[in-house]
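The values are calculated or read from the model by the stated rules, or taken from the named source; none is laboratory data. Computed from a predicted model, the values in this text were never measured in an experiment. In this analysis, Cβ positions are derived from the backbone assuming ideal geometry, glycine residues included, and neighbour counts consider all displayed protein chains.
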Amino acid sequence: MLNGTAAEAWNEIWSTEEGREGWLAPEPEVTDLATRLFEGGAYRQALDMGCGVGRHALELARIGYRTTATDLASAGLEHLGRAAEVAGLQIATREAASTELPFDDASFDYVVAYNVIHHGDEDAVQRSLAEVQRVLRIGGVFQATLLSRRSTAPSSGVEVSPNTYIWEDGEGDHRHPHYFCDGRTLNAFLRDYDWLYLEDRPVDDLPEYRHWHFAAERRQ
């Protein structure tokens with residue numbers, strides 16, 4: 001969930017060229033999977049949920065998807081709109097929370113959500129995942145990241161609800177709750193999916209954090 005203090009923090013970051021600089025390149029694993037799915041012929045409607053400045057939305061549109069992007073940080077959506085116009089790409093943007101997606105059931109073949117779902121407590125995470133499942137068709141693919149419980153960052157934070165932490169260092173969106181998930185819980189969250197891949201990886205420039213990287217196909 002990207003709202004409240006998180007949306008405020010990211011709006012500030014996305015408003016400057018320096019703040020956007022580290023968030024412009026799409027993840028290679030997204031480019032790779034998105035390309036393979038598109039070339040297979042059954043995946044055409046894509047959603048970049050919590051799109052930030054639109055690095056994945058732009059890549060999806062370049063590949064050929066009919067692409068929609070959502071975020072609650074309007075500065076990111078504004079940058080995406082400008083970048084899409086320059087590139088000659090059609091991308092629909094909506095200011096919306098991941099917990100309340102303004103789309104019909106089964107609207108998308110493919111949903112991407114990087115660095116967004118963990119913004120909130122466990123209830124918010126579950127609501128976001130329920131919304132993804134609602135708007136993703138059966139057989140559709142969900143590709144995302146989520147903070148891992150193997151991260152050491154919680155040791156310097158304040159636990160405000162189970163597995164959910166804030167930090168009082170004034171950095172970025174640290175005053176907004178962040179949820180850290182273990183493998184068993186993640187399996188339970190996505191029990192209606194079949195894994196395409198699932199990895200717990202360190203973050204290169206932030207060694208105190210680890211992320212789950214995964215893609216899964218909706219089974220029911």
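For this structure, a couple of remarks:
- A count restricted to segment 34-86 and to residues that are among the hydrophobic types (A, V, I, L, M, F, W, C) and in a helix (DSSP H, G or I) stands at 14.
- Residue within segment 180-199 that is closer than 19 Å to Ala124 by Cβ, aliphatic (A, V, I, L, M) and loosely packed, with under 12 Cβ neighbours inside 10 Å present: yes
- Complete set of residues in segment 111-153 that are touching a residue at least 24 places away in the same chain (Cβ under 8 Å) and charged (D, E, K, R): Asp121, Glu122, Arg127, Glu131, Arg134, Arg137, Arg149, Arg150
- Any hit, segment 159-167, residues being charged (D, E, K, R), surrounded by fewer than 19 Cβ atoms within 10 Å (Cβ to Cβ) and touching a residue at least 12 places away in the same chain (Cβ under 8 Å): no
- Leu2 being farther than 23 Å from Tyr193 by Cα, in a loop (DSSP other than H, G, I, E, B), at pLDDT below 95 and not hydroxyl-bearing (Ser, Thr, Tyr): yes
- None of Ala113, Ala75 is touching a strand residue (DSSP E or B) at 6+ places or on another chain (Cβ under 6 Å) and not polar (S, T, N, Q) except Ala113.
Let's see how each residue does on (1) in contact with a helix residue (DSSP H, G or I) (Cβ under 8 Å, 6 or more places away or on another chain); (2) of a type in the set (Asp, Glu); (3) assigned to a strand (DSSP E or B):
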| residue | (1), (2), (3) |
| --- | --- |
| Gln126 | yes, no, no |
| Val141 | yes, no, yes |
| Arg150 | no, no, no |
| Gly172 | yes, no, no |
| Ala188 | no, no, no |
| Trp195 | no, no, yes |
| Glu217 | no, yes, yes |
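- Qualifying residue in segment 87-95 (condition: touching a residue at least 24 places away in the same chain (Cβ under 8 Å), more than 21 Å from Asn11 (Cα to Cα) and assigned to a loop (DSSP other than H, G, I, E, B)): yes
Residues are listed down the side, and each one gets a yes or a no for (1) over 21 Å from Gly172 (Cβ atoms); (2) surrounded by 17 or more Cβ atoms within 10 Å (Cβ to Cβ):
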{"position": "Tyr65", "(1), (2)": "yes, yes"}
{"position": "Thr68", "(1), (2)": "yes, yes"}
{"position": "Leu80", "(1), (2)": "no, yes"}
{"position": "Val86", "(1), (2)": "yes, no"}
{"position": "Gln90", "(1), (2)": "yes, no"}
{"position": "Thr93", "(1), (2)": "yes, yes"}
{"position": "Phe108", "(1), (2)": "yes, yes"}
{"position": "Tyr114", "(1), (2)": "no, yes"}
{"position": "Gly120", "(1), (2)": "no, yes"}
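- Test for Ser151: is it under 30 Å from Gly41 (Cα atoms), of a type in the set (Ser, Thr, Tyr) and surrounded by 18 or more Cβ atoms within 10 Å (Cβ to Cβ): no
- Hey, Glu131 assigned to a loop (DSSP other than H, G, I, E, B) and either in contact with a Leu (Cβ under 8 Å, 6 or more places away or on another chain) or modelled with pLDDT under 95 (or both) or not: no
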